[in-house]
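Right, one structure below, let's go through it.
The values are calculated or read from the model by the stated rules, or taken from the named source; none is laboratory data. Predicted model only: the values in this text are computed from it and were never measured. All Cβ positions, even for glycine, are placed from backbone atoms using ideal geometry, and neighbour counts span all protein chains on display.
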Amino acid sequence: MSAVGTIGAAGPSDAILPKRGGWRGRLADLLWRRPGLLLLLMLMPPVLWLAVVYLGSLLALLLQSFFSIDEFSGLIDRSFTLKTYGELLRPANLDIIVRTVTMAALVTLAAAVVAFPIAYFAARYARGKWKALFYLGVMLPLWSSYLVKVYAWKLILAKEGILTWLLQKLHLAWLLDGWLALPVVGGSSLSLSATGTFVVFLYVWLPFMILPLQASLERVPANLLEASADLGATPQQTFRNVVFPLALPGLAAGSIFTFSLTLGDYIIPQIIGTSRLFIGQAVYAHQGTAGNIPLAAAFTVVPIVVMGLYLWGARRMGAFDAL
Amino acid sequence: MRSDTSPPGLRIAAAAGLAFLHLPILLIFVYAFTTEDKSYQWPPPGLTLDWLAVTWNRPDVWAALSLSLEVAAVSTAIALVLGTLCAASVSGSRFFGRETISLLVILPIALPGIITGIALRSAFSLAEIPFSQWTIILGHATFCVVVVYNNAIARFRRVSGSLLEASYDLGADGLQTFRHVILPNIGTALVAGGMLAFALSFDEVIVTTFTAGQQQTLPIWMLEELVRPRQRPVTNVVAMVVVLVTLLPILAAYYLTRDGDQVAGSGK
């Protein structure tokens, strides 16, 4: 009792409440009087964990991007240099960066087009049971196993798989053959072509576009649409001038996910697609067998910078309100 | 008046989109029973249950499964503690750096997984930490925190502050208030967050490839089969099991948070 008295001598509760006995009671009193201490105690474990484990490793990695590798001995030279960043500008590496960013942009565009009707229908027309069904219909594919989804597409896109079979039954095999004969998008089969990589990216990241888009469409007041129609707008005009601008924050939020996830993925292009590398694969290759951690680290800076610019742009469009 | 009839074009596009999302997963279930073991032939030449038994007797699949379950369980437990503490402090008070902490929690999932992975790996090699299940757990717990945090903070915001004040006024200390007032209110959100964290960890492959060394979690096992297919039928069965195992926690999490609006005292 006396120990508590010295700690909380000036506390306002002294006059009202009797002090608690035991260390637990004293601790409770102390924390109640000093909410700042409680806050500090609560924040300490998560912040320490994230700062040490995550930020610590991240900074160590970024630091290593300023080291360089000795090309003859293969040893890492730990002196500050920008030489490794210069290597990123080699045509072969620049090619990888351009290819990845182009793919991410295409996947994002396609995801927006495919996601829009689903999100719009779920937000505006689905009610009750249908609403729950739509919600689960997006959540289940979102949360089911990433590798299983990729595997499913390997089954679908295989030369002997269901898609070829379906096109043959529809007498459209010539269409597939014609597409695969095209230079950049084609290949010996769909699972070995850039088209295949694109479809799988689109499939895997689509739910990440639907959810924020739906959230922003839910907030479009229905009476705005009626007002637009009352003023004589056609449905197309209403869509272009009312719905689309209001859905833009949701689109921007969804595109953050689809863009970022495509930029960093190295598994999908490894399993489905051509042998041309994406940023993620380059990072993986450089840190693994090549042992060139500085170049791998410099490569990871590319998605960080691209995403930084992207987030900055998205914030100006109000994307963070729709998350 | 609102018009509740949707244009047919929109209905068809929405249905086609949902079919695009679901048909590939359904296909996995058919392939698990095919008699064809050399290629991905469609339609399956015949159906059989043999591969279930073959998979059941594979020690490497069991070892990978048990490592995955262990990692997911421990990571979820760590993420539950850290995520709840973080959500409680961020929702309960305003302080300097509050926004920074939200950003810090979200960062591991906002940046591409490969960055988290390679950063951890280079840190392990710098600090000369050998690979073990703890290196995997370290990575998984880091990105699982955000899932628990998101679920918990949404619920904390709805728990009325007057309930806590009433509890203190009636003489309860902080711990009692937590056990008898806060926990019953946020319990379902924590269970839901924990289940999602479990599913996320159970399925994670990108960070794991960097932090696992020679160990095999179930996703790593699958990845090796995908890159160099050796036993297609066993992979088919494992894929089906993984779909079922991740499906249950997700459905459970959905039902637990569905009525999240009915928190005691939320009307105040």
Exercise for the section: Identify the single condition in (1) small (G, A, S); (2) at the interface with chain B (Cβ under 9 Å from one of its Cβ atoms); (3) within 25 Å of the chain's Cα centre (by Cα); (4) surrounded by 20 or more Cβ atoms within 10 Å (Cβ to Cβ) that A:G161 does not satisfy, given that it satisfies every other one. Expected result: (3)
Problem - Verdict on A:F116 being closer than 18 Å to A:A296 by Cα, touching a residue at least 60 places away in the same chain (Cβ under 8 Å) and not small (G, A, S) - result: no
Exercise for the section: Go over the candidates B:T211, B:T235, B:T217 one by one and state the one that is farther than 21 Å from A:V148 by Cβ, of a type outside the set (A, V, I, L, M, F, W, C), at pLDDT 85 or above and crowded, with 22+ Cβ neighbours inside 10 Å. Expected result: B:T211
Practice task
Those residues that are touching a Ser or Thr at 6+ places or on another chain (Cβ under 7 Å) and part of a helix (DSSP H, G or I), I need them from region B:152-164; list them, please.
Solution key: B:A152, B:I153, B:F156, B:L164
Exercise for the section: Considering (1) free of Cβ contacts under 8 Å to residues at least 24 places away in the same chain; (2) touching a helix residue (DSSP H, G or I) at 6+ places or on another chain (Cβ under 8 Å); (3) among the hydrophobic types (A, V, I, L, M, F, W, C); (4) over 11 Å from B:S68 (Cβ atoms), say which one B:M222 fails and leave the rest. Expected result: (4)
Handout entry: Sole residue being at pLDDT 85 or above, in a helix (DSSP H, G or I), under 29 Å from A:Y85 (Cβ atoms) and not β-branched (V, I, T), chosen from A:L251, A:L277, A:L261, A:L246
Key = A:L261
Handout entry: Hits in region A:280-316 (condition: hydroxyl-bearing (S, T, Y) and either within 11 Å of chain B (Cβ to nearest Cβ) or in a helix (DSSP H, G or I) (or both))
Key = A:Y284, A:T300, A:Y310
Completion exercise
Per the filter on region A:185-196, residues out of contact with any Ser or Thr (no Cβ under 9 Å at 6 or more places or on another chain) and assigned to a loop (DSSP other than H, G, I, E, B) are A:S188
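Out of region A:34-67, which residues are buried (at least 18 other Cβ atoms within 10 Å of the Cβ), in a helix (DSSP H, G or I) and not aromatic (F, W, Y)?
A:L38, A:M42, A:L43, A:P46, A:V47, A:L50, A:V53, A:S57, A:L58, A:L61, A:Q64
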Practice task
Check whether at least one residue in region A:233-250 is crowded, with 20+ Cβ neighbours inside 10 Å and touching a Pro at 6+ places or on another chain (Cβ under 6 Å), and report yes or no.
Solution key: yes
Problem - So B:L196, is it among the hydrophobic types (A, V, I, L, M, F, W, C) and surrounded by fewer than 21 Cβ atoms within 10 Å (Cβ to Cβ) - result: no
Exercise for the section: Identify, by number, the condition in (1) free of Cβ contacts under 8 Å to residues at least 24 places away in the same chain; (2) over 30 Å from A:F239 (Cβ atoms) that A:F121 doesn't meet. Expected result: (2)
Handout entry: Checking A:R124 against (1) within 10 Å of chain B (Cβ to nearest Cβ); (2) buried (at least 22 other Cβ atoms within 10 Å of the Cβ); (3) not hydrophobic (A, V, I, L, M, F, W, C), the condition it does not meet
Key = (2)
Exercise for the section: Return yes when A:A105 is within 24 Å of B:L107 (Cα to Cα), assigned to a helix (DSSP H, G or I), within 14 Å of chain B (Cβ to nearest Cβ) and modelled with pLDDT of 90 or more and no when it is not. Expected result: no
Exercise for the section: Would you mind finding the one in A:S73, A:S68, A:S79, A:S57 that is among the polar types (S, T, N, Q) and in contact with a Lys or Arg (Cβ under 8 Å, 6 or more places away or on another chain)? Expected result: A:S68
Exercise for the section: Looking only at region B:134-155, decide whether some residue is surrounded by fewer than 17 Cβ atoms within 10 Å (Cβ to Cβ), free of Cβ contacts under 8 Å to residues at least 40 places away in the same chain, farther than 18 Å from B:S89 by Cβ and away from every other protein chain (no Cβ under 11 Å). Expected result: yes
Exercise for the section: Go through region B:34-69 and give me each residue that's part of a helix (DSSP H, G or I), charged (D, E, K, R) and over 28 Å from the mean Cα position of the chain (by Cα). Expected result: B:D50
Practice task
Only residues that are part of a helix (DSSP H, G or I) and within 11 Å of chain A (Cβ to nearest Cβ): list them for region B:165-191, please.
Solution key: B:Y168, B:D169, B:G174, B:L175, B:Q176, B:T177, B:F178
Fill in the blank from the handout: Exception for A:A233 within (1) within 24 Å of A:N93 (Cβ to Cβ); (2) part of a loop (DSSP other than H, G, I, E, B) falls at (1)
Exercise for the section: May I ask you to verify whether A:L155 is more than 21 Å from the chain's Cα centre (by Cα), more than 30 Å from A:P245 (Cα to Cα) and of a type in the set (A, V, I, L, M)? Expected result: yes
Problem - So A:L277, is it under 23 Å from A:Y146 (Cα atoms) and either surrounded by 21 or more Cβ atoms within 10 Å (Cβ to Cβ) or more than 10 Å from every other protein chain (Cβ to nearest Cβ) (or both) - result: yes
Practice task
State whether one or more residues within region A:212-222 are farther than 30 Å from A:V283 by Cβ, within 13 Å of chain B (Cβ to nearest Cβ) and without any contact (Cβ under 8 Å) to a residue 24 or more places away in the chain.
Solution key: yes
Fill in the blank from the handout: Of B:I101, B:I78, B:I12, the only residue that is within 30 Å of A:G161 (Cβ to Cβ) and either assigned to a helix (DSSP H, G or I) or modelled with pLDDT under 90 (or both) is B:I12
Practice task
Please tell me if A:K129 is basic (K, R) and facing another protein chain (nearest Cβ under 7 Å).
Solution key: no
Problem - In region A:135-148, residue farthest from the other protein chains (Cβ to nearest Cβ) [restricted to those that are closer than 19 Å to B:A253 by Cβ and touching a residue at least 24 places away in the same chain (Cβ under 8 Å)] - result: A:L142
